[in-house]
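K.L.:
For reference, the structure I am asking about is given below.
The values are calculated or read from the model by the stated rules, or taken from the named source; none is laboratory data. Every value quoted in this text rests on a predicted model; they were computed, and no experiment measured them. No Cβ is skipped: glycine too gets one built from the backbone with ideal geometry, and neighbour counts run over all protein chains shown.
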Amino acid sequence: MIRPRALLIALALAAACGPATPVTPAPVADAKVAITDKTAGEIETLLQKRTESMRSKDLAGFQSTFDGSRSALRRCQGEAFEIASRQGTGAAPMVAKVEPYLDQYVRAYVGSETGGYQRLYFRRDSGRWILTEPRDEELGGDRAKTINGIELTYFGIDDDIVEVYAKAGARARDVVLTTLRGKAGTPFGLRIFPTRGAAGPTVSCAVAGSQRPNTPKDQFIRLFSNGLTFKTGFAEMTESTVALIQHEGLHWAQDQFIPGISARLDWWLAEGWPDYVGESRATATKKQVICTTPTPTFKQLVDGLLVTPETLPELRSQYYSFANSMVEYLYATFGSDAYFELMTAYKDDVDPKVTYPKVLKVTPEQFYDGWKAWSKQRFC
């Protein structure tokens with residue numbers, strides 16, 4: 001579910017204050033916003049302040065840069081600050097384009113040519129710019145279109161770029177259908193959520209896309225604002241966004257291949273396969289995690305990360321790097337048919353002590369030890 005390259009921008013720019021952080025009172029909006037030749041530079045100054053506040057661990061300074069009255073945004077911003085305090089942060093992003101939205105918002109394309117650009121929203125409060133999100137009632141209502149054979153549901157706020165989403169969805173769909181080897185049901189569609197508020201309180205700040213597992217008749221892939229980035233020119237989504245759609249589309253494919261199978265698979269098999277086949281994780285990301293982070297136990301990789309209030313948000317992404325490399329090892333060592341054979345075996349029995357010897361001719365312990373040695377040699 002988690003986006004790689006886009007995640008870094010998203011965590012730095014679209015994320016919320018921890019439980020101990022006081023809630024900021026709702027600010028009073030300025031009058032109708034006006035865009036001038038200075039607006040892009042002024043927003044870049046705000047982004048620089050955000051970056052410097054994270055780098056210096058200045059929580060109060062960081063909180064002053066975003067709209068604390070937006071609860072979902074506030075929640076995710078706090079998480080971003082916590083991660084940055086442990087892992088650091090990169091350079092401040094640039095503003096490639098600004099345009100008005102409604103009376104009080106500026107929509108800016110924020111990022112870089114190499115990492116892509118997010119659509120973020122800003123408004124003036126007491127003469128200063130702050131990062132914000134339009135409220136749910138300001139999103140333009142639900143819309144629906146079918147473009148390039150892709151059914152899309154979205155909000156009116158994204159009406160100007162829905163064809164760009166459809167183009168990326170069609171590219172991902174073609175990869176997924178090829179991987180399915182001709183076995184497919186209803187083609188998947190896309191459901192776009194333009195803000196963290198629209199995504200709802202149950203969606204993790206780090207999640208950039210999701211597909212409802214074990215429900216093969218639900219064809220919609222959910223895409224959230226922090227995973228959506230545009231190439232320069234804003235007429236195409238970045239490769240990382242296409243990879244995100246492929247990742248979630250491959251989850252859809254699992255249910256098409258054997259309905260409900262993802263509930264029976266080991267976690268690394270369920271999540272690592274779409275991550276690897278969908279090219280969701282850069283080699284450099286896997287290298288950094290595998291070579292510097294303690295390796296989870298086999299049981300942890302079978303069960304998945306146990307998420308508690310104390311779980312560090314970045315651990316989820318790290319687990320995906322391990323799972324991705326396990327599937328790469330599976331393909332490299334046992335062949336591309338091994339994954340589908342394992343899925344078929346898990347339909348009858350969910351015990352790795354049965355399925356691994358049956359399909360791979362090795363015990364779970366032998367597979368785990370072989371993968372650890374291979375991954376260290378491959379990446380470190």
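K.L.:
Going by the conditions given, is GLY116 among the small types (Gly, Ala, Ser) and on the phi < 0 side of the Ramachandran plot?
P.N.:
Judged against the criteria, GLY116 is not a match.
K.L.:
If you don't mind, there's one more thing I want to ask. Here are some residues: THR179, THR153, THR146, THR114. Which one is within 30 Å of LEU312 (Cβ to Cβ) and polar (S, T, N, Q)?
P.N.:
THR114 is the lone residue from the list that is within 30 Å of LEU312 (Cβ to Cβ) and polar (S, T, N, Q).
K.L.:
While we're here: Would you confirm whether or not region 141-150 contains a residue that is of a type in the set (Gly, Ala, Ser), part of a loop (DSSP other than H, G, I, E, B) and within 30 Å of ILE258 (Cα to Cα)?
P.N.:
yes
K.L.:
So, ALA270, is that one under 20 Å from GLN246 (Cβ atoms), of a type in the set (A, V, I, L, M) and touching a Ser or Thr at 6+ places or on another chain (Cβ under 9 Å) or not?
P.N.:
In short, yes.
K.L.:
Follow-up. Which numbered condition trips up LEU250, out of (1) over 21 Å from VAL350 (Cβ atoms); (2) touching a residue at least 60 places away in the same chain (Cβ under 8 Å)?
P.N.:
Against the list (1) over 21 Å from VAL350 (Cβ atoms); (2) touching a residue at least 60 places away in the same chain (Cβ under 8 Å), LEU250 comes up short only on (1).
K.L.:
Could you pull out the residue among ARG123, ARG143 that is among the basic types (Lys, Arg), over 27 Å from ALA170 (Cβ atoms) and in contact with an Asp or Glu (Cβ under 8 Å, 6 or more places away or on another chain)?
P.N.:
Criteria check complete, one pass: ARG123.
K.L.:
Out of (1) crowded, with 20+ Cβ neighbours inside 10 Å; (2) within 28 Å of ASP159 (Cβ to Cβ), what's the single condition that is false for THR36?
P.N.:
(1)
K.L.:
Another question, then. Hey, among GLY127, GLY149, which residue is outside the structural domain of GLY278 (by TED's automatic domain parsing), touching a residue at least 40 places away in the same chain (Cβ under 8 Å) and at positive phi?
P.N.:
GLY127
K.L.:
Next up: Could you please give the count of residues in region 346-358 that are within 14 Å of ARG264 (Cβ to Cβ) and surrounded by fewer than 20 Cβ atoms within 10 Å (Cβ to Cβ)?
P.N.:
Looking only at that region, the number is 6.
K.L.:
Shifting gears a bit: Criterion first (within 26 Å of the chain's Cα centre (by Cα), under 20 Å from PRO313 (Cα atoms), β-branched (Val, Ile, Thr) and modelled with pLDDT of 95 or more) does THR21 satisfy it?
P.N.:
No, not satisfied.
K.L.:
Somewhere in region 361-380, is a residue of a type in the set (Val, Ile, Thr) and closer than 21 Å to VAL277 by Cα?
P.N.:
Within region 361-380, not a single residue is of a type in the set (Val, Ile, Thr) and closer than 21 Å to VAL277 by Cα.
K.L.:
Check off (1) in contact with a helix residue (DSSP H, G or I) (Cβ under 9 Å, 6 or more places away or on another chain); (2) surrounded by fewer than 19 Cβ atoms within 10 Å (Cβ to Cβ); (3) at pLDDT 95 or above; (4) more than 25 Å from THR238 (Cβ to Cβ) for GLU137 and give me the number that stays unchecked.
P.N.:
Just one mismatch for GLU137, condition (1).
K.L.:
Hey, ILE43 hits all of (1) surrounded by 20 or more Cβ atoms within 10 Å (Cβ to Cβ); (2) modelled with pLDDT under 95; (3) not acidic (Asp, Glu) but one; which does it fall short on?
P.N.:
Checking ILE43 against (1) surrounded by 20 or more Cβ atoms within 10 Å (Cβ to Cβ); (2) modelled with pLDDT under 95; (3) not acidic (Asp, Glu), the one that fails is (2).
K.L.:
Only one of (1) touching a residue at least 40 places away in the same chain (Cβ under 8 Å); (2) crowded, with 16+ Cβ neighbours inside 10 Å is not met by PHE62, so which one is it?
P.N.:
(1)
K.L.:
For the subset of region 267-315 comprising residues that are in contact with a Cys (Cβ under 8 Å, 6 or more places away or on another chain) and buried (at least 17 other Cβ atoms within 10 Å of the Cβ), which member is modelled with the highest pLDDT?
P.N.:
Here the answer is ILE290.
K.L.:
Also, I was wondering about something else. Is it the case that region 117-124 has a residue that's modelled with pLDDT of 95 or more, assigned to a loop (DSSP other than H, G, I, E, B), buried (at least 16 other Cβ atoms within 10 Å of the Cβ) and not charged (D, E, K, R)?
P.N.:
No, region 117-124 contains no residue that is modelled with pLDDT of 95 or more, assigned to a loop (DSSP other than H, G, I, E, B), buried (at least 16 other Cβ atoms within 10 Å of the Cβ) and not charged (D, E, K, R).
K.L.:
Can you report the number of residues in region 291-308 which are touching a residue at least 40 places away in the same chain (Cβ under 8 Å) and farther than 17 Å from TRP273 by Cα?
P.N.:
Total meeting the criteria: 2.
K.L.:
Could you tell me which numbered condition LYS217 fails, if it satisfies all but one of (1) crowded, with 17+ Cβ neighbours inside 10 Å; (2) at pLDDT below 90?
P.N.:
Going through the list (1) crowded, with 17+ Cβ neighbours inside 10 Å; (2) at pLDDT below 90, LYS217 breaks only (1).
K.L.:
Given ARG74, ARG70, ARG50, which one is assigned by TED's automatic domain parsing to the domain that holds LEU120 and under 17 Å from PRO313 (Cβ atoms)?
P.N.:
Every option except ARG74 fails the conditions.
K.L.:
Right, another one. Please go through region 91-116 and give me each residue that is part of a strand (DSSP E or B) and out of contact with any Pro (no Cβ under 9 Å at 6 or more places or on another chain), ordered by number.
P.N.:
Listed by number, the residues that qualify are MET94, VAL95, ALA96, LYS97, VAL98, GLU99, PRO100, ALA108, TYR109, GLY116.
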